[in-house]
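Below is one structure, written out as structure tokens, with a few remarks after it.
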Amino acid sequence: MGRSRSVALVLAYLMKYHDMDFDTALAYVQHRRKGINPNPGFVQQLRVWEYIKHDWNKRSQYAPFQHWKQAYRSGIITCIITQG
């Protein structure tokens, strides 16, 4: 219970309101709650959101978002966004 969806929400909150990057927010939450397992689709969305600086209106300008959207629509979700 609370291992994926709720974790994604907490990560998004920390990223937006505490100005954390995805990896820092994930480490923070993992330190406080063992056994979390955010769904890979949520992770991809949060990495895209991090890259576009939380402005969802800029997503169409980000090429990896277009790849993610195509993979999502075709049902093939793979890790496209990487840190670094």
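How much length, in nm to one decimal, is gained on full extension between Ala71 and Phe42, taken as 0.36 nm per residue of separation minus their Cα-Cα distance?
9.1 nm
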Q.
Sort 31-40, 9-18, 44-53 by the packing proxy (mean of other Cβ within 10 Å over each peptide's residues), most packed first.
A. 44-53, 9-18, 31-40
Q. So for the pair Arg5, Asp21, with labels modelled 7 Å out along Cα→Cβ, what separation do we get in nm?
A. 3.0
**Q.** Stretchable slack from Val29 to Tyr51, in nm (0.36 nm times residue separation minus alpha-carbon distance)
**A.** 5.9 nm
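Every number in this text was worked out from the coordinates using simple rules, so none of it is lab data. It should be emphasised that the depicted structure is a prediction, and the values quoted were computed from it without experimental measurement. As a convention, Cβ positions derive from the backbone with ideal geometry for all residues, glycine included, and neighbour counts pool all protein chains shown.
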